[in-house]
Amino acid sequence: MASLRCKLSPYFNKARGYIVLVMIVVSLATAIGFSLWFVGNYVDSKSGPGTDPLVLRLDAFSLSNFEVSNWSLSAEWEAKLTFGNQNGGLIVTLNPFESYVNYKESEALSCASVDATLHIPPRKQKTVQIKFDSTGCEGEQPYVEDRVMKHLSEDKKKGYLSFSLKMHIDASYSMKELLGMGTQAALNPNCSGLKVELLGSKGTEGKINGGHKCSIPLPK
Ligand SMILES: *[C@@H]1O[C@H](CO)[C@@H](O)[C@H](O)[C@H]1NC(C)=O
Ligand SMILES: *[C@@H]1O[C@H](CO)[C@@H](O)[C@H](O)[C@H]1NC(C)=O
């Protein structure tokens, strides 16, 4: 018996060593996994889209050089937008994005891009000026159907036009003290119901009076 034990014991020791090593590795992995899960949940609860940090205001919206017939359309729009970060601890980052002027709610008329990345620190705001002309979005402008131009020329006679401003923005929300981590969100700000009164005898200019609050539906 004694001799058998002596023979086996190096193997027992070795096996015991492996078991201890495996246990250490497993518990370390569990601890690290749990911490990551905990930190991830914490960051999400502070920086998720559900915290609703971003608000958007349209400060000014104007139309110039507006010419429309049943078959052709030319116009320039200018929009001044202010993005406000109402959260006290999050930095909101907006990637470069494209914006569209629509006739009423859904007929796209013109595209313009904002080429800069906007970082909006906690409780700060940033204003961007967007000019819509035929050169925006690398010259790739929406195709406007004859039907829409007919509606526009009919509305022009009435003296006012209805527009909306839409954009799609890939944003990220990150915590001040945890830069780099954060939550990605696809935002679709919507400035709807922009009623522009046409001025001048030819009705080629127009603007909205006062500011306008835009909505940013919470991403799902
Ligand atoms: C434009 O279209 C409207 C409606 O179809 C029509 O009544 C009008 O005569 C057209 N105007 C011109 C200049 O073709
Ligand atoms: C924008 O808001 C208007 C008015 O609330 C709504 O009718 C329209 O469907 C919205 N558009 C988008 C793309 O969310």
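Criterion first (more than 16 Å from Asn85 (Cβ to Cβ), of a type in the set (Asp, Glu), free of Cβ contacts under 8 Å to residues at least 12 places away in the same chain and surrounded by fewer than 18 Cβ atoms within 10 Å (Cβ to Cβ)) does Glu140 satisfy it?
No: the conditions fail for Glu140.
Which number in (1) surrounded by fewer than 12 Cβ atoms within 10 Å (Cβ to Cβ); (2) closer than 26 Å to Pro219 by Cβ marks the one condition that His119 misses?
(1)
State all residues of segment 53-103 that are among the aromatic types (Phe, Trp, Tyr) and under 18 Å from the mean Cα position of the chain (by Cα); if no residue qualifies, say none.
Those that are among the aromatic types (Phe, Trp, Tyr) and under 18 Å from the mean Cα position of the chain (by Cα): Phe83, Phe97, Tyr100.
Being under 16 Å from Phe132 (Cβ atoms) and open to solvent by less than 40 Å² (accessible area, probe 1.4 Å): is that true of Thr204 here?
Numbers: under 16 Å from Phe132 (Cβ atoms): yes; open to solvent by less than 40 Å² (accessible area, probe 1.4 Å): yes.
Criteria met by Thr204.
Hey, could you check segment 157-170 for residues that are open to solvent by 50 Å² or more (accessible area, probe 1.4 Å) and not aromatic (Phe, Trp, Tyr) and say which is nearest to ligand 1 (Cβ to nearest atom)?
This residue is Lys157.
Consider segment 63-120. How many of its residues are over 30 Å from Asp146 (Cβ atoms) and either in a loop (DSSP other than H, G, I, E, B) or not assigned by TED's automatic domain parsing to the domain that holds Lys156 (or both)? Before the answer, list the steps.
At the first step, the residues of segment 63-120 found to be over 30 Å from Asp146 (Cβ atoms) are 80-96, 114-120.
Cutting the leftovers down to either in a loop (DSSP other than H, G, I, E, B) or not assigned by TED's automatic domain parsing to the domain that holds Lys156 (or both) gives us 86-89, 95-96, 115-117.
Selection size over segment 63-120: 9.
The values are calculated or read from the model by the stated rules, or taken from the named source; none is laboratory data. Because the structure is predicted, anything quoted here is derived from the model rather than measured. Reconstructed Cβ throughout: ideal geometry from the backbone, glycine too, with neighbour counts over all protein chains shown. Side chains are part of the model used for accessible areas, which takes the heavy atoms of the whole protein and leaves out ligands, DNA and RNA. Shrake-Rupley method; radii C 1.70, N 1.55, O 1.52, S 1.80 Å.
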